[in-house]
1. Output the number of residues of the stretch 1-15 satisfying the condition of being part of a helix (DSSP H, G or I), among the aliphatic types (A, V, I, L, M) and either open to solvent by 100 Å² or more (accessible area, probe 1.4 Å) or modelled with pLDDT under 90 (or both).
2. Is one or more of the residues making up the stretch 193-209 touching a residue at least 60 places away in the same chain (Cβ under 8 Å), out of contact with any Pro (no Cβ under 6 Å at 6 or more places or on another chain) and under 19 Å from ALA65 (Cα atoms)?
3. Regarding PHE217, is this residue over 20 Å from the mean Cα position of the chain (by Cα) and surrounded by 21 or more Cβ atoms within 10 Å (Cβ to Cβ)?
4. With the requirement that a residue be in contact (Cβ under 8 Å) with a residue 60 or more places away in the chain and within 17 Å of ALA115 (Cα to Cα), what does the stretch 178-192 give you?
5. Please go through (1) touching a residue at least 24 places away in the same chain (Cβ under 8 Å); (2) surrounded by fewer than 24 Cβ atoms within 10 Å (Cβ to Cβ) for GLN145 and return the number of the only condition it doesn't satisfy.
6. Pairs please, first residue from the stretch 1-24 and closer than 20 Å to ALA115 by Cβ, second anywhere and assigned to a loop (DSSP other than H, G, I, E, B) and open to solvent by 90 Å² or more (accessible area, probe 1.4 Å), Cβ atoms under 8 Å, 6+ apart in sequence or on different chains.
7. Scan the helices (runs of 4 or more DSSP H) fully inside the stretch 131-240 and keep the ones with 3 or more residues being within 24 Å of VAL94 (Cβ to Cβ) and of a type outside the set (A, V, I, L, M).
Amino acid sequence: ARHEKADDDDAAAVLELLEGAREQLAGVFPRKPEDVTAVVLHSSLVTLYLAQPALPLITIATAPAGRRYLAGWCSPGEIHVLAPRLLELRASAVPGSREMAMLGPATLYTQLVIAANNRGLPPPLKPTKLLRYARWAWLTAGASQYFSGQTAFARPAIARRLREGREPSFPPGIRDAALLGGSVFDLLAREHGSHAAIALAYTPLRGDPRAALRDAFDGRSVMNTAGAWRAHLARLAEQR
């Protein structure tokens, strides 16, 4: 880990968190990322955005309810994330927000693991593939959220999102991928088991995402699955 002296203790805690994530994911995904993954803890958004210039663009495109959880990004062999003391400051006072924010480093590491197993997923996020990423952001973000455990704490933020703005599209567009992507995997696992969620994480990023979802949900029409998903979001938002 690379960090400021003030973050010594937090850096140790982040490495412990990532080691736990590594052990857990090893039982789900056979390939692991690079042998050495550098973790850079940033003391400001400025240095984070300079290191990962795609992140501010994605943040602007994201609905307000999910922006506070976009506190990092990853490159092959590297995780760039705000230091835990800043992650805690970004969390809201509602239950689950702090837990979701503090799991940010584990979610980014999970993205690296899933990308090592599904080479079509970023990182790297190349400029020539931004359009494809926008169509499939729900899968990249959703798989990382779900398999890192972050989705379990997203209920208050989901409730806020459902109160604000228009109804989310299905699958979630780039505006909602950072917050709602994990709920797609959560619904799939509840209906068809964790093996179905794992299979969806391996989906090649080609063709129509709606076709991939139709296959994942055992041939059910996308319209019917969209209805089931919106009902699932409403249930999550109501739980306390």
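1. Within the stretch 1-15, the subset part of a helix (DSSP H, G or I) is 5-15.
From what is left, the residues that are among the aliphatic types (A, V, I, L, M) are 6, 11-15.
With either open to solvent by 100 Å² or more (accessible area, probe 1.4 Å) or modelled with pLDDT under 90 (or both) added as a condition, the list becomes 6.
Residues flagged as part of a helix (DSSP H, G or I), among the aliphatic types (A, V, I, L, M) and either open to solvent by 100 Å² or more (accessible area, probe 1.4 Å) or modelled with pLDDT under 90 (or both) within the stretch 1-15 amount to 1.
2. no
3. Values: over 20 Å from the mean Cα position of the chain (by Cα): yes; surrounded by 21 or more Cβ atoms within 10 Å (Cβ to Cβ): yes.
Yes: the conditions hold for PHE217.
4. Scanning the stretch 178-192 gives a single hit, ALA178.
5. All conditions are met except number (2).
6. Short answer, once both residue conditions are applied: ARG22/LYS32.
7. Numbers: elements: 155-163, 174-192, 194-201, 209-216, 222-238.
Those helices (runs of 4 or more DSSP H) span 155-163, 174-192, 222-238.
The rows are residues; the columns are (1) over 29 Å from PRO172 (Cα atoms); (2) open to solvent by 70 Å² or more (accessible area, probe 1.4 Å); (3) modelled with pLDDT of 90 or more; (4) not in a helix (DSSP H, G or I).
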| residue | (1), (2), (3), (4) |
| --- | --- |
| LEU17 | no, no, yes, no |
| ALA21 | no, no, yes, no |
| PHE29 | no, no, yes, yes |
| LEU50 | no, yes, yes, no |
| THR59 | no, no, yes, no |
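The values are calculated or read from the model by the stated rules, or taken from the named source; none is laboratory data. Please read these numbers as outputs of a predicted model, since none were measured by experiment. Neighbour counts are summed over all protein chains in view; Cβ atoms, including those assigned to glycine, are modelled from backbone coordinates with ideal geometry. When the accessible area is computed, the model is the full protein with side chains, heavy atoms only, and any ligands, DNA or RNA have been set aside. Shrake-Rupley method; radii C 1.70, N 1.55, O 1.52, S 1.80 Å.
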